[in-house]
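Bear in mind these aren't lab numbers, they're just calculated from the coordinates by the rules spelled out. On a predicted model such as this, the values are computed, not experimentally measured, just so you know. We place every Cβ from the backbone using ideal geometry, glycine too, and count neighbours over all the protein chains shown.
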Amino acid sequence: MEAVLGSLVGGVLAIAGGLLVALATVRHERRRWQRDAELKAAIDLLSALQSLVRRLMNLAYLEDKRGDEAAAAMADYREATIAWNSAMYAVLLVGSPASTALVPDLDREVDRLWERAMARRWTRAEFREERKSLGQLAARYLATNRTLSGHDGIALRSLWTWDESPAAVTDR
């Protein structure tokens with residue numbers, strides 16, 4: 001009887017151990033999937049932002065905002081906004097609270113920049129000045145997502161390498 005009882009206890013312990021290992025594996029894979037999804041969404045958002053800003057620059061440098069060249073530039077801008085909105089929704093869907101909290105500020109700054117781009121013809125230097133705050137917000141977004149994905153923090157003042165503003169965004 002003791003042998004049977006010992007076998008039963010051993011079997012139960014083996015099954016319990018197997019279940020614990022399976023649960024731990026599922027939890028680990030879920031965390032890994034979540035981190036990978038967050039990182040991909042962040043990368044896609046920054047890529048969409050780059051494309052959108054390029055299209056904004058094309059609009060800002062136009063003298064005639066109503067001609068054929070402007071219509072083509074506006075069509076390109078609309079396509080970039082579709083990618084931007086899709087990337088934003090992905091971040092809002094799978095991103096961490098710290099990451100998603102920065103998205104509305106980025107989107108508001110993109111909207112402000114569009115209004116400025118359409119207001120008049122800009123020189124390269126003038127429109128760079130207009131884009132500084134967007135570059136700084138994007139640097140905060142990038143630094144936050146680096147930290148969340150397990151990478152070391154970085155001090156990055158702006159996403160734009162030409163921005164030499166004195167205040168640096170520091171990721172802790």
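Just flag the trypsin sites (Lys or Arg not before Pro) in the range 117-168 sitting in loop per DSSP whose Cβ has no more than 14 other Cβ atoms within 10 Å. Qualifying residues, ordered by number: R120, R121. Taking a ≥ b ≥ c as the square roots of the eigenvalues of the Cα gyration tensor of the chain, is the shape rounded (a/c under 1.5), prolate (a/b larger than b/c) or oblate? Note, shape of the chain comes out prolate.
Annotation for the range 1-91: trypsin sites (Lys or Arg not before Pro) lying in DSSP loop with at most 12 further Cβ atoms inside 10 Å of their Cβ are R66.
Of the GluC sites (Glu not before Pro) found in the range 32-105, the ones in coil according to DSSP and having at most 10 other Cβ atoms within 10 Å of their Cβ are E63. For the pair I154 and N85, a Förster radius of 25 Å applied to the C-beta separation gives a FRET efficiency near 0.35, rounded to the nearest 0.05. Between A14 and K40, the C-beta separation translates, for a Förster distance of 45 Å, into a calculated FRET efficiency of about 0.70.
Computed from backbone phi with θ = phi - 60° and the Karplus coefficients 6.51, -1.76 and 1.60, the 3J(HN,Hα) list for the range 143-154 is 5, 4, 6, 4, 4, 5, 8, x, 8, 5, x, 9 Hz; x is used for glycine and proline.
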